[in-house]
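Undergrad: Have a look at this one before I ask anything.
Derivation of every value follows stated rules applied to the coordinates shown; laboratory data play no part. All of these numbers come straight from a predicted model, not from anything done at the bench. Every residue, glycine among them, receives a Cβ derived from its backbone with ideal geometry; neighbour counts consider all protein chains shown.
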Amino acid sequence: MGFTLDKIVPWGRSYHEYVNMFALGEADLQHRILGCGDGPASFNAQLTERGGDVVSLDPIYAFGRAQIQTRIAETYPVVMAQTFKNQDNFVWDSITSVEQLGQIRMSAMALFLADFEAGQQAGRYVTGELPSLPFPDQSFGLALSSHFLFLYSDHLSAEFHIQALLDMLRVAKEVRVFPLLSLNGSPSPHLPIVKAKLAEQGFNSEERRVDYEFQRGGNTLWVLKPS
């Protein structure tokens with residue numbers, strides 16, 4: 001059956017993973033960036049520390065720091081057990097073991113937790129969720145979706161993906177989505193439907209190979225722009 005989760009869980013990645021997953025060059029990092037469904041990732045905290053301009057959106061930000069920390073603690077053993085059971089579905093290259101994965105993820109999420117309250121006061125962590133974004137048109141240079149769209153294809157319909165991406169394209173000049181696989185490691189069944197619909201709407205899209213692969217076969221980034 002492969003890797004499965006019965007619901008969407010808080011599981012954060014680091015600044016360096018975001019840079020590699022989304023092929024973010026120096027010019028990209030100068031944009032005002034929106035992270036959709038960032039959860040407890042440390043990208044916001046670490047990019048802000050480097051002088052970047054970034055806003056993260058997630059429904060989990062409605063909760064306090066302690067509640068989020070508790071939810072992470074509950075999620076950790078579930079994800080670790082699933083990863084251990086399905087080790088063959090992952091590439092153990094830059095991350096060499098399940099134990100090291102746990103350390104890397106918990107370190108990233110600790111950076112998020114340390115930054116959360118100050119970031120929330122500064123307007124960098126906004127409570128909300130796709131497919132409806134609480135931002136004006138074209139208010140970001142770049143919008144990112146990490147490990148949410150397509151990954152949870154068993155939980156979210158093709159229509160949800162279409163509406164979510166259309167709203168991301170409304171608020172940002174460019175959208176990047178990673179990965180294009182479902183949790184079980186197979187290509188998302190929604191991708192052909194979503195691609196066709198967005199092409200009909202006049203958007204250009206391109207798949208790019210990136211120098212990041214942890215989920216086996218998950219090394220493709222999808223880039224969308226207006227035509």
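Undergrad: Given region 15-226 reduced to its alpha-carbon atoms as identical point scatterers, what log10 I(q)/I(0) does the Debye formula return at q = 0.12, 0.16, 0.17 Å⁻¹?
TA: One equal scatterer on each Cα of region 15-226 leads to -0.61, -1.16, -1.32.
Undergrad: Please express the Cα-Cα pair-distance distribution P(r) of region 41-112 as a list of whole percents, one per 10 Å bin, running from 0 to the bin with the greatest distance.
TA: Calculated P(r), rounded to whole percents: 17, 41, 33, 10.
Undergrad: If you build a Gaussian network model of the chain, linking Cα atoms that sit under 10 Å apart, which residue out of F148, F63, F178 swings the most?
TA: In this elastic network of the chain, the residue with the biggest mean-square fluctuation among F148, F63, F178 is F63.
Undergrad: Using a simple charge model, +1 on the beta-carbon of Lys and Arg, -1 on the beta-carbon of Asp and Glu, nothing else, what dipole does region 15-226 show about its Cα centre, in debye to the nearest 20?
TA: Once rounded to the nearest 20, the dipole reads 140 debye.
Undergrad: Here's another thing I want to ask about it. Between L144, Y61, S188, whose Cα lies farthest towards the positive end of the dipole of the chain when Lys and Arg beta carbons carry +1 and Asp and Glu beta carbons carry -1, centred on the Cα centre?
TA: So the residue we want is S188.
Undergrad: How many angstrom separate the Cα center of region 122-143 from the Cα center of region 65-101?
TA: If you average the Cα positions of each part, the centres end up 28 Å apart.
Undergrad: Then there's this: With a cut-off of 12 Å, note down the residues of region 49-70 whose backbone N falls inside the zone around a label point 7 Å from the Cα of S139 toward its beta carbon.
TA: In region 49-70, the label zone of S139 (backbone N under 12 Å from the point 7 Å along Cα→Cβ) covers 55-57.
Undergrad: Still on this structure, please answer the following. Relative contact order of region 15-226: what whole-number percent is it, with Cα pairs under 8 angstrom and at least 6 residues apart?
TA: Over region 15-226, the number comes to 24 percent.
Undergrad: Residue by residue, what Karplus-based ³J(HN,Hα) values in Hz, rounded to whole numbers, does region 175-182 have, using 6.51, -1.76 and 1.60 with θ = phi - 60° and x for Gly and Pro?
TA: Working through the residues one at a time gives 10, 10, 10, 8, x, 10, 9, 7 Hz.
Undergrad: Taking the convex hull of the alpha carbon atoms in region 100-175, what volume per residue do you get, in Å³? It would help to have the intermediate numbers written out before the result.
TA: Values: hull volume 8.9 nm³, N = 76.
So the per-residue hull volume is 117 Å³.
Undergrad: Further question on the same structure: Express the Stokes-Einstein translational diffusion coefficient of region 115-227 in µm² s⁻¹, to the nearest whole number, given a Kirkwood radius over alpha-carbon pairs, 20 °C and a viscosity of 1.002 mPa s.
TA: Rounded, D is 145 µm²/s.
Undergrad: Give me, ordered by chain and number, the residues 5 or more places off S56 or on other chains with an amide H under 5 Å from its own placed amide H.
TA: G35, Y125, V126
Undergrad: Go ahead and set up a Gaussian network model of the chain, Cα springs under 10 Å, then flag whichever of P189, P136, P40 fluctuates most.
TA: Answer for the Gaussian network model of the chain: P136.
Undergrad: Whole-Hz Karplus ³J(HN,Hα) for region 41-55, in order, using 6.51 cos²θ - 1.76 cosθ + 1.60 and θ = phi - 60°, x for Gly and Pro?
TA: Each residue's phi maps through the Karplus curve to give 5, 9, 4, 4, 4, 6, 6, 4, 4, 8, x, x, 10, 9, 10 Hz.
Undergrad: Hey, what do the phi angles of region 140-157 turn into as Karplus ³J(HN,Hα) couplings, whole Hz, using 6.51/-1.76/1.60 and θ = phi - 60°, x for Gly and Pro?
TA: Each residue's phi maps through the Karplus curve to give 10, x, 8, 10, 10, 10, 9, 6, 9, 4, 6, 4, 9, 5, 6, 9, 10, 6 Hz.
Undergrad: Please check: in the Gaussian network model of the chain (C-alpha springs, under 10 Å), which one of V55, V91, V177 has the largest mean-square fluctuation.
TA: Maximum among the listed residues: V91.
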